[in-house]
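Following: one structure in structure tokens, then a few remarks.
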Amino acid sequence: MTDRHLLSGTEPDPARDAGHPQPPPRVGFFTDTSVCIGCKACEVACKEWNAIPEDGLSLTGMSYDNTQGLGASTWRHVAFIEQQVPVADGRTQLPVVEAESKPPADAGEAGELRWLMSSDVCKHCTHAACLDVCPTGSLFRTEFGTVVVQEDICNGCGYCVPACPYGVIEQRPDDGRAFKCTMCYDRLGAGQEPACAKACPTESIQFGPLDELRERAALRVDQLHEAGVEGARLYGHEPDDGVGGDGAFFLLLDEPEVYGLPPNPVVTTRDLPTMWKHAGAAALSLVGGFAFSFALPALRGWKGTRR
């Protein structure tokens, strides 16, 4: 939170803070990975609606994933994570797929596998570093609290790429401009939900007002815990985390690192104000030193003439 919000005890309103006087309720995504079936309907719908070019049609050789990760031409990415699940320590085994063949030797007597599937997307952070570093205003905060790139204004500087703590935004190699998920800004303006949420057959991707999604997610975690899924947890839902809370958060069945997510993301421009203050103080000290070094001989000469 900013100092102003800390003093008032209120949660930041990104759209209002960005200058929208009467914004609608902030919207976002809640992705429940416990019901994701890896169909990739969200990826296809995203590409079709946003006219995103293909970015590779070959399998990685390590999984059934042919997109590998988020990028300039992949705004939704479904991860396939295969795990050996031991049963001796009482770990949750939902969702579990029992191996049809003889289990590997290192699987022990359990010999069970589970697929962890998750549809990843831009997090539309409350404190978005990509916004902070963009020199042209290509990146902007919409009235819905989302972060959008205007491709016709982007100059391809690439500052936003290393600024993102999630590694979401990327430049296309053919022209150098940056692209990422817009949460279907054009559809939001027409009162429609994003294409990926519309296409999801299991409602793994849920769209709506962010406050309502957080309440729904908390109830879903409690439900899974009561069913014995002890590993269920939320990621990116806390408004006071290192990025001020995500506009797209997740229910995970294992540690964030398993899904390729940073465990404790922090906005990369967090220390910029302090750094500028220190740089300013150092510059003033340097200027003062130079001024004194030039003034000292003149002062000595003036004293000599008085004698």
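The values are calculated or read from the model by the stated rules, or taken from the named source; none is laboratory data. These figures come from a predicted structure and were not determined experimentally. Here the Cβ positions follow ideal geometry from the backbone for every residue, glycine too, while neighbour counts run over all protein chains shown. Protein only, heavy atoms only, side chains kept; ligands, DNA and RNA dropped before computing areas. Shrake-Rupley method; radii C 1.70, N 1.55, O 1.52, S 1.80 Å.
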Exercise. Straight-line reach from Lys40: which aspartates and glutamates have a Cα under 19 Å away, not including same-chain ones fewer than 8 places off?
Worked result: Asp32, Glu48, Glu54, Asp55, Asp65, Glu82, Asp120, Glu193, Glu203
Problem set entry | Solvent-accessible area of Asp240 with every protein chain in place, 1.4 Å probe, in Å² to the nearest 10 | 110
Exercise. So what does Glu203 come to for accessible area, using a 1.4 Å probe and Å² rounded to 10?
Worked result: 130
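At a Förster distance of 25 Å, what's the computed FRET efficiency of Ile37 paired with Gln223, Cβ-Cβ distance as r, to 0.05?
Numbers: r = 19 Å, r/R0 = 0.75.
Working from the Cβ atoms, E equals 0.85.
Keeping every protein chain in place, order Trp115, Trp49 by accessible area at 1.4 Å, biggest value first, i.e. largest first. Don't skip to the answer; put the middle values down first.
On the way: Trp115 65, Trp49 115 Å².
From most exposed to least exposed: Trp49, Trp115.
Ignoring ligands, DNA and RNA, how do His237, His124 rank by accessible area with a 1.4 Å probe, largest first?
Values: His237 45, His124 5 Å².
Descending accessible area places them as His237, His124.
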For this session: Provide the per residue accessible area, probe 1.4 Å, for region 108-253, rounded to a whole number of square angstrom.
Result: 41
Seminar exercise, completed: Residue by residue through region 177-192, the couplings from Karplus 6.51 cos²θ - 1.76 cosθ + 1.60 with θ = phi - 60°, in Hz, x for Gly and Pro, are 6, 8, 9, 6, 4, 9, 6, 6, 3, 5, 6, 4, x, 9, x, 10
Exercise. HN-Hα J couplings of region 115-128 from phi, Karplus 6.51/-1.76/1.60, θ = phi - 60°, integer Hz, Gly and Pro as x?
Worked result: 9, 9, 10, 8, 8, 8, 7, 4, 8, 6, 4, 5, 10, 8
